[in-house]
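Working notes, structure below.
Every number in this text was worked out from the coordinates using simple rules, so none of it is lab data. Predicted model only: the values in this text are computed from it and were never measured. Here the Cβ is made from the backbone with ideal geometry for all residues, glycine too, and neighbour counts use every protein chain on show.
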């Protein structure tokens, strides 16, 4: 599945659950987590933790990095959109960090 650019991880999770005909309660039971964790991620009111990424990766045969990348890309896009002007006002320093 190719995610929509900067989609909340819950959007992707909801699609996978729909394809697998899984409810939030059923997936939560499979993952060993409280049902409200899954439903909150799906409705976008909760972010994804490393623990949940590991569980989802195991269940859906993906990688934890896939889920964490979704989270990171989403959060960076949100921060850029919300504070672009503020970030633009920061003067670059003299040193460059090595990548």
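Spin-label model, residue 69 to residue 15: label points 7 Å out along the Cα-to-beta-carbon direction sit 1.4 nm apart.
With a Förster radius of 22 Å applied to the beta-carbon distance between residue 87 and residue 43, the computed FRET efficiency rounds to 0.15. Per-residue ellipticity at 222 nm from helix content only, as computed over the chain with -39500 (n - 2.57) for each DSSP H run of at least four residues, stands at -20000 deg cm²/dmol.
Taking all Cα pairs closer than 8 Å and separated by 6 or more residues, the relative contact order of the chain comes to 25 percent. Report, to two decimal places, the Cα Rg of the chain normalised by 2.2 N^0.38 Å (N = number of residues). It is 1.30.
Could you put 83, 40 in order, starting from the residue whose Cβ has the fewest other Cβ atoms within 10 Å? If you can, show how the numbers build up before the last one.
Numbers: 83 11, 40 15.
Fewest-to-most Cβ neighbours within 10 Å comes out as 83, 40.
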